[in-house]
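Quick one: the structure is below, and I'll ask about it shortly.
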Amino acid sequence: MSYGSVEQLLYDVSTSRSHREAFCQNPEEAAGKYALTDPEREMVVAVQVEDLFKYGINPMLLMGFWTSVRGPQSMPEYLARVPKLESRLEALPG
Amino acid sequence: MAKIVGGYIMPHDPLLFVNPQKKERDHLLGAYTLIREKVEALGATKAIIFGADHYILFSPRCLPQFLIATGELHGPIDRLPGVANSSIASDPAFARSLVDYAHSSGFDVAVARDLGVDHAIGVPAQLALPTDGSVKTVPVYMASGVEPYVRLQRAYEFGQMVREAVAAMPTDDRIVLMGSGGISHWVGTGEMGRINPEFDKQVLDAIVSGDPAPLLAMTDQEIMRDGGNGGMEIRHFLAVMGALPGGSGEVLAYEAWSGGVTGLGFAEILPSA
């Protein structure tokens, strides 16, 4: 489990043009520079926002990653796919 | 002796500036102008602005609970139509004195010696302060957008510490405080676009009454449920309330604006007599 590395990759792609361009050109190679597990790498490379959300990634960071890779015009697709916050709250104890 | 002359809360919803649906918004933008005029009328010289990083400035490698910028400022670095990314007047010596007082009070704040702020600080600084640089900005970032979150009680106590720090300053500064944040809003989640006016009213009622107890009694889970992950920004309002105990509040504008994703609340808190 390398949750922090996943968030670092998403942060880098969201905030750095060079990282964004590298990821968009070759996601596998870009992701290979981070210490990710195989399931983590698959979620990131395929931009699986449903799974990344369920994994606990910060929603603001996830949205920033999505729009960096897919473009702001793709927000309707993002919102159709990303789970609701209440699903996380229901998973909490108590 | 320096003194706090007023407190304000205001939103920083980027969609208010992007306005993709071309909704009427002049009355909301006018609320920033109204606050700027009030700040000018108060003769303010400094503005301490409480805001949250939106996972733009601080990376997973370093996530401060509290951070005060003590050097040169510019922003907002995230491009917003009508809000220039330009220099923001600062006073490094004043900011440093606040850091020193915080440390002596048990708040081990981090510092940024040079900072491009995001819209949480940039929107209030560019729109609600005089444009001539006469009011110097001190940004205070709180962990309200990325966990582990600052505790609500600690945010309130931070405001109390700011009040004590200002009272101890030997200058003649007149200081306004600004809590920057939307009220209910869900950011990057499936609920995005939902606004909860009931939650917004609960928060604004507490601000108007000057009683922080209803806000301090909330759990983070309740805030997330009723106010969304963006609702965690009420910490910034609590900091202002902590610095102005017993202050009388007034709502300057509120709207669950259909062009955005946030309950937009503007309020003023004046010091108790």
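May I have the convex hull volume per residue, in Å³, for the Cα set of the protein assembly as shown?
Spread over its residues, the Cα hull of the protein assembly as shown gives 131 Å³ apiece.
Along the charge dipole of the protein assembly as shown, which of A:Met63, B:Met142, B:Gly7 sits closest to the positive end, that is, farthest toward it, with unit charges on the beta carbon of Lys, Arg, Asp and Glu (+1, +1, -1, -1)?
Positive-most Cα among the choices belongs to B:Gly7.
Considering chain B as a Gaussian network with a 10 Å cut-off on Cα pairs, which listed residue, B:Gly75, B:Gly193, B:Gly231, attains the greatest mean-square fluctuation?
B:Gly193
Each residue of the range A:7-18 in turn: what ³J(HN,Hα) in whole Hz from Karplus with 6.51, -1.76, 1.60 and θ = phi - 60°, glycine and Pro shown as x?
So the J values, rounded to whole Hz, are 5, 5, 4, 4, 5, 4, 5, 6, 10, 10, 4, 5.
Let me ask another. Which one, B:Gln160, B:Gln65, B:Gln221, has the greatest fluctuation when you compute a Gaussian network model over chain B with C-alpha springs under 10 angstrom?
Sorting by GNM fluctuation, first place goes to B:Gln221.
Do you know which residues of the range B:176-204 lose at least 30 square angstrom of accessible area in the protein assembly compared with their chain on its own, with a 1.4 angstrom probe?
B:Val187, B:Gly188, B:Thr189, B:Gly190, B:Glu191, B:Met192
Please report, in Å, the Rg and the Dmax of the range B:1-83, where both are computed over Cα atoms only.
Cα only, the range B:1-83: 15.7, 48 Å (Rg, Dmax).
Please list B:Ser144, B:Ser258 from largest to smallest accessible area, probe radius 1.4 Å, with all protein chains kept in place.
Listed by decreasing accessible area, they come as B:Ser258, B:Ser144.
Within the accessible area of the range A:3-91, what % is carbon and sulfur when the probe is 1.4 Å and the other protein chains stay in place?
Taking all protein chains in place, the range A:3-91 shows 50 percent carbon and sulfur surface.
Amide H neighbours of B:Tyr8 under 5 Å, counting only residues 5+ apart in sequence or on other chains, H built in-plane at 1.01 Å?
It is B:Leu177, B:Met178, B:Gly179, B:Ile269, by chain and number.
Please report, in debye to the nearest 20, how large the charge dipole of the protein assembly as shown is about its Cα centre when each Lys and Arg carries +1 at its beta carbon and each Asp and Glu carries -1 there.
Computed charge dipole of the protein assembly as shown: roughly 360 debye.
Per residue of chain B, what 222 nm ellipticity follows from adding -39500 (n - 2.57) for every DSSP H run with n ≥ 4, rounded to the nearest 500?
Mean residue ellipticity at 222 nm (helix-derived): -10500 deg cm²/dmol.
Then there is this: Ordering B:Arg163, B:Arg61, A:Arg20, B:Arg194 by how much accessible area each has at a 1.4 Å probe, largest first, what is the list?
Highest to lowest solvent-accessible surface, that is B:Arg61, B:Arg163, B:Arg194, A:Arg20.
Ok, one more. Given +1 on the Cβ of Lys and Arg, -1 on the Cβ of Asp and Glu, and no further charges, what dipole in debye does the range B:3-270 carry about its Cα centre, rounded to the nearest 20?
Its charge dipole is roughly 280 debye.
May I pose another question? Provide the buried accessible surface between chains B and A in square angstrom, both chains summed, 1.4 Å probe, rounded to the nearest 100.
1800 Å²
A further question follows. Given H placed 1.01 Å from N in the peptide plane, which residues other than close sequence neighbours of B:Ile88 have an amide H under 5 Å from its amide H?
B:Leu73, B:His74, B:Gly75
Using only the Cα atoms of the range A:3-91, each taken as one equal point scatterer with no solvent, compute I(q) by the Debye sum, divide by I(0), and report log10 of the ratio at q = 0.13, 0.16, 0.20, 0.23 Å⁻¹.
-0.38, -0.58, -0.90, -1.18
Same structure again: Given all pairs of different Cα atoms, what value in angstroms does the Kirkwood hydrodynamic radius of chain B take?
Here the Kirkwood hydrodynamic radius works out to 18.1 Å.
Using θ = phi - 60° and the Karplus form 6.51 cos²θ - 1.76 cosθ + 1.60, what ³J(HN,Hα) does each residue of the range B:12-19 get, whole Hz, x for Gly and Pro?
Working through the residues one at a time gives 9, 4, x, 5, 4, 9, 6, 6 Hz.
I'd like the Kirkwood hydrodynamic radius of the range B:130-239, using the inverse of the mean 1/r over distinct C-alpha pairs, in Å.
15.2 Å
Could you name every residue in the range B:25-60 that has 40 Å² or more less accessible surface in the full protein assembly than in its own chain alone (probe 1.4 Å, ligands and nucleic acids excluded)?
By number: B:Tyr55, B:Pro60.
Give me the percent of the accessible area of chain B that comes from carbon and sulfur atoms, probe 1.4 Å, all protein chains in place.
Roughly 51 percent, rounded to a whole number.
Could you list the square roots of 5 times each eigenvalue of the Cα gyration tensor of the range B:181-268, that is, the equivalent ellipsoid semi-axes, sorted largest first and rounded to whole Å?
Over the Cα atoms of the range B:181-268, the semi-axes work out to 21, 15, 9 Å.
If you build a Gaussian network model of chain B, linking Cα atoms that sit under 10 Å apart, which residue out of B:Met178, B:Met142, B:Met169 swings the most?
Of the options given, B:Met169 has the highest mean-square fluctuation.
Please list 3J(HN,Hα) in residue order for the range B:47-60, calculated via the Karplus relation 6.51 cos²θ - 1.76 cosθ + 1.60 where θ = phi - 60°; whole Hz, with x for glycine and proline.
Once θ is set to phi - 60°, the couplings for the range B:47-60 become 10, 9, 10, 9, x, 10, 6, 9, 6, 10, 8, 9, 8, x Hz.
Partner chain Cβ atoms within 10 Å, averaged over the residues of A:60-69 - can you pull that number for me?
4
Could I ask something else about it? Per residue, how much accessible surface does the protein assembly as shown expose to a 1.4 Å probe? Answer in Å², no decimals.
Here the residues of the protein assembly as shown average 40 Å² of exposed surface.
Relative to the Cα centre, what is the charge dipole magnitude of the range A:21-94, using +1 at the beta carbon of each Lys and Arg, -1 at the beta carbon of each Asp and Glu, and rounding to the nearest 20 debye?
With only Lys, Arg, Asp and Glu charged at Cβ, the dipole is about 220 debye.
Protein chains only, probe 1.4 Å: how do B:Ile9, B:Ile56 rank by accessible area, largest first?
So the residues, ranked largest to smallest area, are B:Ile56, B:Ile9.
The values are calculated or read from the model by the stated rules, or taken from the named source; none is laboratory data. The model shown is predicted, which means the values in this text are computed figures rather than measured ones. Here the Cβ is made from the backbone with ideal geometry for all residues, glycine too, and neighbour counts use every protein chain on show. Note: areas computed on protein heavy atoms with side chains; ligands, DNA, RNA excluded. Shrake-Rupley method; radii C 1.70, N 1.55, O 1.52, S 1.80 Å.
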